[in-house]
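**Student:** So that we are looking at the same thing, I have put the structure below in structure tokens.
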Amino acid sequence: EPQFEGQTKAKLGNTEAKGFVQSVVNDQLGAWLEQNPGEGKEVIRKAQAAATARIAARKARDLARNRKGLLGGGGLPGKLRDCSSRNPEECEVFIVEGDSAGGSAVMGRENRIQAILPIRGKILNVEKARIDKVLANTEVQAIISALGTGVHEEFDLAKLRYHKIVLMADADVDGHHINTLLLTLLFRFMRPLIEAGHVYLAQPPLYRIKWNKPHEHEFVYSDAERDAMMRDGLEQGKKLPKDAPIQRYKGLGEMNADELWDTTLDPDQRVLLQVTLEDAAQADEIFSILMGEDVEQRRSFIQRNAKDVRFLDI
């Protein structure tokens, strides 16, 4: 006679039933696996992947609890140079790669509304890493804590501490890679930040053109703009000094505090590029292809889209 457990009677309690079901399933499943070795290996692979993900998720939850509310955005990282305003709508945080650039940014910023969060080098590629490894990463922890929103199911946009999140990296291949890694983190763990229009890319200039008049200079962002600016200036009667009329910025760390303010921090002069998601499904696929494990899929994507690339060093 069947015996059920609990008030809902949703589970069979007969001990003899368990052995009978196991015997039947084992026999039939074993026969199927022998007849379908290819499909069997795929089932086993998926089961192993699910088990690994389940263990990683448990470790991540334990880690989050031990970190005193990391997932909920509790606590501020020690490296953050915060702003004094507590009005998120007017506050900005600049995530800056490198100690030298971070130091210049701290000195050059408007400290009432601008916070600086320096990070060391390239952060973890979260597309390839398990969630427990991601949340154990020092730089990732600092970013999550500084923004205050939490991640995934714990995410709360109302807790965002800065309504402008500016990724500030050098205008070269390494800088673009750093920005891509940061965007992958935000896309996978805090996507509503991008959907709500809070994420920006700083556009630091490549050159400074100095003219003969004291304190007269112009910042330009490409070789073509440099050539056009010089041509127009000379046609207008401006003159270039003999000593280093053109300065090529190799990186943000090369700029002093005043230059960083003029080019990247000053709201009246800087150039920011807002990050948008016009098609979330397409963006999801592209992040998986470009940042994931499948090398052949990535190579195919690059070959298909190479002719449409506007900036070859991105």
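The values are calculated or read from the model by the stated rules, or taken from the named source; none is laboratory data. Please read these numbers as outputs of a predicted model, since none were measured by experiment. Every residue, glycine among them, receives a Cβ derived from its backbone with ideal geometry; neighbour counts consider all protein chains shown.
**Student:** Can you tell me which of VAL295, VAL220, VAL271, VAL199 is closer than 30 Å to ARG130 by Cβ and modelled with pLDDT of 75 or more? Full working, then the answer.
**Tutor:** Details: VAL295 fails: modelled with pLDDT of 75 or more; VAL220 fails: closer than 30 Å to ARG130 by Cβ; VAL271 fails: closer than 30 Å to ARG130 by Cβ.
That would be VAL199, the only listed residue that is closer than 30 Å to ARG130 by Cβ and modelled with pLDDT of 75 or more.
**Student:** Of the conditions (1) on the phi < 0 side of the Ramachandran plot; (2) outside any helix (DSSP H, G or I), GLY121 fails just one. Which one is it?
**Tutor:** (1)
**Student:** Can you name the residue in segment 176-220 that is in a helix (DSSP H, G or I) and of a type in the set (D, E, K, R) and is also surrounded by the fewest Cβ atoms within 10 Å (Cβ to Cβ) among such residues? Before you say what the answer is, go through the steps one by one.
**Tutor:** If we filter segment 176-220 for residues that are in a helix (DSSP H, G or I), which is where we start, we get 176-189, 191-195.
Right, trim to of a type in the set (D, E, K, R) and you get 188, 191, 195.
Numbers: ARG188: 18, ARG191: 17, GLU195: 15.
Result: GLU195.
Let's see how each residue does on (1) of a type outside the set (Gly, Ala, Ser); (2) assigned by TED's automatic domain parsing to the domain that holds GLU278; (3) modelled with pLDDT under 90:
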position: LYS122; (1), (2), (3): yes, yes, yes
position: ASN125; (1), (2), (3): yes, yes, yes
position: VAL140; (1), (2), (3): yes, yes, no
position: VAL151; (1), (2), (3): yes, yes, yes
position: ASP156; (1), (2), (3): yes, yes, no
position: ALA171; (1), (2), (3): no, yes, yes
position: ASN179; (1), (2), (3): yes, yes, yes
position: THR184; (1), (2), (3): yes, yes, yes
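**Student:** Another question, if that's okay. Looking only at segment 132-161, count how many residues are crowded, with 21+ Cβ neighbours inside 10 Å and part of a helix (DSSP H, G or I).
**Tutor:** 10
**Student:** Do we have ILE95 as in a strand (DSSP E or B) and at pLDDT 85 or above here? It would help to see each step written out before you state the result.
**Tutor:** Working: in a strand (DSSP E or B): yes; at pLDDT 85 or above: yes.
Taking the combined requirement at face value, the residue satisfies it.
**Student:** With the condition kept exactly as written, say whether any residue in segment 179-195 is among the β-branched types (Val, Ile, Thr) and within 28 Å of ARG86 (Cβ to Cβ). Write out each step before concluding.
**Tutor:** Of the residues in segment 179-195, the ones among the β-branched types (Val, Ile, Thr) are 180, 184, 194.
Within this subset, residues satisfying the condition of being within 28 Å of ARG86 (Cβ to Cβ) are 194.
There is at least one residue in segment 179-195 that is among the β-branched types (Val, Ile, Thr) and within 28 Å of ARG86 (Cβ to Cβ).
**Student:** In segment 108-118, what count of residues is obtained for those that are outside any loop (DSSP other than H, G, I, E, B) and over 19 Å from ASN179 (Cα atoms)? Break it down stepwise before answering.
**Tutor:** Initial filter on segment 108-118 (outside any loop (DSSP other than H, G, I, E, B)): 108, 114-118.
Narrowing further to those that are over 19 Å from ASN179 (Cα atoms): 108, 114.
Residues flagged as outside any loop (DSSP other than H, G, I, E, B) and over 19 Å from ASN179 (Cα atoms) within segment 108-118 amount to 2.
**Student:** Collect the residues in segment 233-254 that are within 24 Å of the chain's Cα centre (by Cα) and hydrophobic (A, V, I, L, M, F, W, C), keeping them in residue-number order.
**Tutor:** LEU252
**Student:** I've got another one for you. Quick test for you: out of ALA101, ALA105, pick the one residue that is at pLDDT below 85, closer than 14 Å to ALA202 by Cβ and part of a helix (DSSP H, G or I). Outline the logic, then answer.
**Tutor:** Values: ALA105 fails: at pLDDT below 85.
Just a single option satisfies the conditions, and that option is ALA101.
**Student:** Just to be sure before I move on: is MET230 buried (at least 17 other Cβ atoms within 10 Å of the Cβ) and more than 29 Å from the chain's Cα centre (by Cα) in the structure I sent?
**Tutor:** Details: buried (at least 17 other Cβ atoms within 10 Å of the Cβ): yes; more than 29 Å from the chain's Cα centre (by Cα): yes.
When the stated conditions are applied, MET230 passes them.
**Student:** So, of the residues in segment 12-47 that are polar (S, T, N, Q) and in a helix (DSSP H, G or I), which turns out to be farthest from PRO2 (Cα to Cα)? Give the steps one after another, and end with the answer.
**Tutor:** Start the filter on segment 12-47 by keeping residues that are polar (S, T, N, Q), which leaves 14-15, 22-23, 26, 28, 35-36.
Applying the additional criterion that residues be in a helix (DSSP H, G or I) yields 15, 22-23, 26, 28, 35.
Working: THR15: 10, GLN22: 17, SER23: 19, ASN26: 22, GLN28: 24, GLN35: 35 Å.
My answer is GLN35.
**Student:** Can you find a residue that is hydrophobic (A, V, I, L, M, F, W, C) and farther than 19 Å from LEU265 by Cα anywhere in segment 161-174? If you could, list the steps in order and put the result at the bottom.
**Tutor:** Looking only at segment 161-174, we keep the residues that are hydrophobic (A, V, I, L, M, F, W, C), and these are 165-169, 171, 173.
Applying the additional criterion that residues be farther than 19 Å from LEU265 by Cα yields 173.
Yes - at least one qualifying residue is present in segment 161-174.
**Student:** Taking only segment 221-241 into account, find how many residues are within 22 Å of THR264 (Cβ to Cβ) and assigned to a loop (DSSP other than H, G, I, E, B).
**Tutor:** Counting residues in segment 221-241 that are within 22 Å of THR264 (Cβ to Cβ) and assigned to a loop (DSSP other than H, G, I, E, B) gives 2.
**Student:** Then there's this: Name the residue that is farthest from LEU252 (Cα to Cα), counting only residues in segment 100-131 that are surrounded by fewer than 16 Cβ atoms within 10 Å (Cβ to Cβ) and of a type in the set (Gly, Ala, Ser).
**Tutor:** ALA129
**Student:** Let me ask another. Kindly provide the set of residues from segment 233-252 that are over 30 Å from PRO118 (Cα atoms) and exposed (fewer than 15 other Cβ atoms within 10 Å of the Cβ), ordered by number. Steps first, answer last, please.
**Tutor:** In the first step, residues of segment 233-252 are kept if they are over 30 Å from PRO118 (Cα atoms); the result is 233-245.
Answer for segment 233-252, where residues must be over 30 Å from PRO118 (Cα atoms) and exposed (fewer than 15 other Cβ atoms within 10 Å of the Cβ): LEU234, GLU235, GLN236, GLY237, LYS239, PRO241, LYS242, ASP243, ALA244.
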